[in-house]
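Shown next, in structure tokens, is the structure this report addresses.
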Amino acid sequence: MSYPSERKLIVPVCTIPAEISPQALPLGAASIVAAINQSFAEKPLAPETVVEARLISIPPEFHRAQEEQAQALANLLLKLHPAALCFSLFVWNRTVLARVAAIIQGKASEIPLIAGGPEVTAGAADKDPFHYLVCGEGDESVPNLLRQLLQKETAVAGASKTDSDLPPRKIFSPRANQENLPSPYLTGTLNPAEYQNGALWELARGCPFKCAYCYESKGEKTVAYFPLERIRQELDFFAKQKVRQIFVLDPTYNAKKERAVEILKLIRQKAPNTFFHFECRAELLNPELVAAFSRISCSLQIGLQSARPEVLKLVARSINRKEFAGKIALLNKAGIIFGFDLIYGLPGDNLVGFKESIDYAISLYPNSLEIFRLSVLPGTTLFDQKQSLGLVAPETPPYLVESTPQFSAKDLDKAEELARATSYFYSRGRAVSWFHSLLKPLRCSPSVFFTRFTEFLQAENIRIPAIQDECSHHEVEQVQLKFIQNQYGSPKLKSLLPAAIDLIKLNGAFSRAYADGEKTTLSLTFHPDDLLSPYSQDVAFFCQHAKKTKLHIVVQPGKKGAEWRQVKKV
Ligand code: SF4
């Protein structure tokens, strides 16, 4: 095949993100688009031949049949008359994108189909109908592969596949040189305005740790950091675009403390109005770092996974509960928002251990708990140990564990129910500021409280919306109020109810003003200043000492994030 001059060769780079949110923006695919376009701009394929990579990111369609979705996407891609097609494969999209590739092969077998992404690197896509599999970082190897394919008359799939000039099917990319990689933001490939004014911001690749359930456990042994000059320019871009929130992509942001502090200083100087989300290791926090975090708007996500040292040991992690709690106390003292990740179904763990982990996590006052069932991902150390550890998990996405010698399938289902109820009530319900106060009179642990909550949901026939479904804080608050009224049903506890209800409503209104810019009108039994004071941390003590003052107030966004004002006294 030869290409006439002034021909434009379109190379769509296609992916389906996990959800529609800034956190799931298609950064990997966009980076490949930017890298292809930079490569062919610097060194054209042939005179007057333009190679143009285009990002095709299709929103996930959870309620549409997979076959229908694949047919529609294949038709869309074929309409672009692509010279080659690239696919970015993840656990959540591999099945449907492999089907898209099969449909395209059937209709236009001459189009080279190239796949990359974590599922390819892990070896999970080996049998999928792609012509080329790029393992590792594709920023340099995908443009190189395309150059070979588009240059050669013989370099098409199908009849010419046996040509010895063709590249091998599986390509192992070396780590790309971070200094040369184009930014998907600065090149205009990604526009945060199209992603609810949010962005994923890649600062480093790789992780110095080797947790057995994580892709990083067997990947590159070193961490590659993006240059500070690029970081400065991207921050200027984000500030200019008035980006609302940024999810930092560096699996252990605080692995290199000096660099972490330096970037926090840059953020404070260049993008003070943007909210940042970081992933950190608790054991690497120190007062200087915590102080730097406290000077910007941000939240920290910390992998706890389990509170049991013997469980963590089996996945190459560790915990010293006292030290961990000490580090978290630094965050609480500085008023920094943080959340924990927990995993159930880890080898050596059981339902009792999972409940213990919930109790430990909640005792440290996190703002949120993200709880996941273990995925035994291909390409991880745990995947290799599946048999020896007796882990039962399918070899198809999302690879969720079905049973272990210690965690029966039935117990895993119970853990799943508990996890959903906990996330709904505590995290989506933004309960941190009042949870312990209202738990105390019930004289039970958080896990017992959440188990009762699951029973209540069943009895009341209340369905928790799936994590990808929209669910307003108001809706969760109504369920919280109903459950607390149910739990405070005894005569002794009933006297505490007005304060308990005020605490839920007032703190909920403040969280909505702060996080969503929303205004709420409330009727309260107690004075807001009293309810927001440290005395409300013990609702029984509060009720003994606080004076009832019926007030109508409005809670709204204000100078310090949120404020209240009285509208009418009744
Ligand atoms: S789980 Fe986090 S800390 Fe552990 S290897 Fe993966 S990225 Fe690193």
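In this entry, the range 1-132 is assigned a mean projected area of 8.4 nm², taken as a quarter of its C-alpha convex hull surface.
Cα extents for the range 369-412 along the principal axes, largest to smallest and rounded to whole angstrom: 25, 23, 18.
Using 0.36 nm times the number of residues separating ARG175 and LYS152, minus their current alpha carbon distance, what extension gain do you get?
Working it through step by step, the gained length comes to 5.7 nm.
So what is the relative contact order for the chain, in percent, with contacts set as C-alpha pairs under 8 Å and at least six apart?
On the way: 993 pairs, mean separation 49.3, N = 570.
This gives 9 percent for the chain.
Solvent-accessible area per residue in the chain equals 45 Å², computed with a 1.4 angstrom probe and all protein chains kept. Here the range 61-76 and the range 282-348 have alpha carbon centers that stand 40 Å from each other.
Computed over the range 361-453, the Cα gyration tensor eigenvalues convert (square root of 5λ each) into semi-axes of 32, 14, 11 Å, ordered from largest to smallest.
For the chain, what is the Kirkwood hydrodynamic radius in Å, using each pair of distinct C-alpha atoms?
Kirkwood hydrodynamic radius for the chain: 26.1 Å.
Near LYS414: Cβ cut-off under 15 Å, other residues only, Lys/Arg at +1 and Asp/Glu at -1. The net charge is -3. Taking Cα atoms only, the orientation of helix 66-79 departs from the longest principal axis of the chain by about 50 degrees.
Dividing the Cα radius of gyration of the range 306-400 by 2.2 N^0.38 Å, with N the residue count, gives 1.19. Three principal axis extents describe the C-alpha atoms of the range 326-375; from largest down they are 35, 18, 13 Å. Cα-based radius of gyration for the range 432-519, normalised by 2.2 N^0.38 Å, reads 1.13.
By the Cβ distance rule of under 4.7 Å, the chain has these cysteines without a partner: CYS14, CYS86, CYS135, CYS207, CYS280, CYS298, CYS444, CYS471, CYS543.
I'd like the per residue volume of the convex hull spanned by the Cα atoms of the range 76-124, given in cubic angstrom.
Normalising the Cα hull of the range 76-124 by residue number yields 74 Å³.
The angle between the Cα long axis of helix 497-516 and the main principal axis of the chain comes to about 30°, on a 0 to 90 degree scale.
Principal axis analysis of the Cα atoms in the range 239-317 yields extents of 48, 23, 16 Å, listed in decreasing size. The distance between label points at ALA224 and ALA334 comes to 3.0 nm (points 7 Å beyond Cα on the Cα→Cβ vector). The alpha-carbon atoms of the range 448-570 define a convex hull whose volume equals 129 cubic angstrom per residue. Between HIS552 and ASN320, residue separation times 0.36 nm minus the direct Cα-Cα distance comes to 78.8 nm. For the pair the range 506-570 and the range 172-192, the centres of their Cα atoms are 47 angstrom apart.
For the range 242-400, the Cα gyration tensor yields ellipsoid semi-axes of 31, 18, 14 Å (square root of five times each eigenvalue, largest first, whole Å). Taking only the C-alpha atoms of the range 250-292, Rg followed by Dmax gives 10.2, 28 Å. Each residue of the range 311-316 was assigned a 3J(HN,Hα) from its phi angle through the Karplus curve 6.51 cos²θ - 1.76 cosθ + 1.60 (θ = phi - 60°); the sequence is 6, 5, 4, 5, 10, 6 Hz, with glycine and proline shown as x. Legend: calculated FRET efficiency, ASN144 to ARG64, from the Cβ-Cβ distance at R0 = 51 Å, rounded to 0.05, equals 0.90.
For the chain, carbon and sulfur atoms together expose 52% of the accessible surface, with a 1.4 angstrom probe and every protein chain in place. Each Lys or Arg adds one and each Asp or Glu takes one away; over the other residues whose Cβ falls under 10 Å from the Cβ of ARG230, this sums to -3.
Extension gain for THR396 to ARG232 (0.36 nm times residue separation, less C-alpha to C-alpha distance): 55.0 nm.
The values are calculated or read from the model by the stated rules, or taken from the named source; none is laboratory data. As the structure is a prediction and not an experimental result, all values here were calculated from the model. In this analysis, Cβ positions are derived from the backbone assuming ideal geometry, glycine residues included, and neighbour counts consider all displayed protein chains. All accessible areas refer to the heavy atoms of the entire protein, side chains included, with ligands and DNA or RNA removed. Shrake-Rupley method; radii C 1.70, N 1.55, O 1.52, S 1.80 Å.
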